[in-house]
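Heads up: the structure comes next, in structure tokens.
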């Protein structure tokens, strides 16, 4: 039995999966039990690594009237990350073709223009008939589809969708920050 477990763990490690990853995945909420390529290098990233955090998911675009919200997203991330908040950015070209670039071009823009440090994922579809699996679940749970770029969803520490906010609601608004502060006080 022990030999079988060791063989199994060695096989998993060949694919970059360790026992800690397996344990995290087994306690991961269905919403976060997904993997997406990281924007900068397209390395696969499990969203389970954010289990236990308050999460703001936002669809982004580099050439939108709301693009300056990167600044506000970075500010709330910096302010609350040590308390357990993470912002997850998902670039999308769904609205007005305002994110036409490659993943490298988007990553360079985010770093050079807004010094974005929160996690960003590769460009994907977030609306319409075939949104990425995370947005498909967010839409199903809230009944709200992103209407434009910089639509925001808040997820509690247990991986439950709590609220969604339209593009007009700035990340640093009292409405959002009050909700974040409330969720940060809650235990897993």
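Counting only residues that are over 19 Å from residue 62 (Cα atoms) and not in a loop (DSSP other than H, G, I, E, B), which one in region 33-47 is farthest from the chain's Cα centre (by Cα)? Per the criteria, the residue is 44. Among the candidates 126, 116, the residue that is over 23 Å from residue 27 (Cβ atoms), free of Cβ contacts under 8 Å to residues at least 60 places away in the same chain and either crowded, with 20+ Cβ neighbours inside 10 Å or not assigned by TED's automatic domain parsing to the domain that holds residue 101 (or both) is uniquely 116. When restricted to residues that are part of a helix (DSSP H, G or I), surrounded by 19 or more Cβ atoms within 10 Å (Cβ to Cβ) and under 15 Å from the mean Cα position of the chain (by Cα), region 77-90 contains 1. Taking residues in region 165-177 that are under 18 Å from residue 146 (Cβ atoms), and partners anywhere that are at pLDDT below 95 and in a loop (DSSP other than H, G, I, E, B), not one pair has Cβ atoms closer than 8 Å while being at least 6 places apart or on different chains. Tell me, please, whether a residue that is out of contact with any strand residue (DSSP E or B) (no Cβ under 9 Å at 6 or more places or on another chain), farther than 30 Å from residue 182 by Cα and part of a helix (DSSP H, G or I) can be found in region 53-76. No, there is no match, as no residue in region 53-76 is out of contact with any strand residue (DSSP E or B) (no Cβ under 9 Å at 6 or more places or on another chain), farther than 30 Å from residue 182 by Cα and part of a helix (DSSP H, G or I).
Would you say residue 125 is out of contact with any strand residue (DSSP E or B) (no Cβ under 6 Å at 6 or more places or on another chain) and more than 20 Å from residue 78 (Cβ to Cβ)? Answer is yes for this residue. Taking region 129-159 as the range and being in a loop (DSSP other than H, G, I, E, B), touching a residue at least 24 places away in the same chain (Cβ under 8 Å) and touching a helix residue (DSSP H, G or I) at 6+ places or on another chain (Cβ under 8 Å) as the test, the residues that pass are 146, 150, 156, 157. Please verify whether region 178-185 includes one or more residues that are closer than 21 Å to residue 85 by Cα and under 16 Å from the mean Cα position of the chain (by Cα). So far as region 178-185 goes, yes, one or more of its residues are closer than 21 Å to residue 85 by Cα and under 16 Å from the mean Cα position of the chain (by Cα). All conditions in (1) touching a residue at least 24 places away in the same chain (Cβ under 8 Å); (2) surrounded by 15 or more Cβ atoms within 10 Å (Cβ to Cβ); (3) in a loop (DSSP other than H, G, I, E, B) hold for residue 188, with the sole exception of (2). In this entry, residue 129 passes the filter for residues that are farther than 19 Å from residue 152 by Cα and at pLDDT below 95.
The values are calculated or read from the model by the stated rules, or taken from the named source; none is laboratory data. Predicted model only: the values in this text are computed from it and were never measured. Ideal geometry is used to build each Cβ from the backbone, glycine not excepted, and the neighbour counts take in all protein chains shown.
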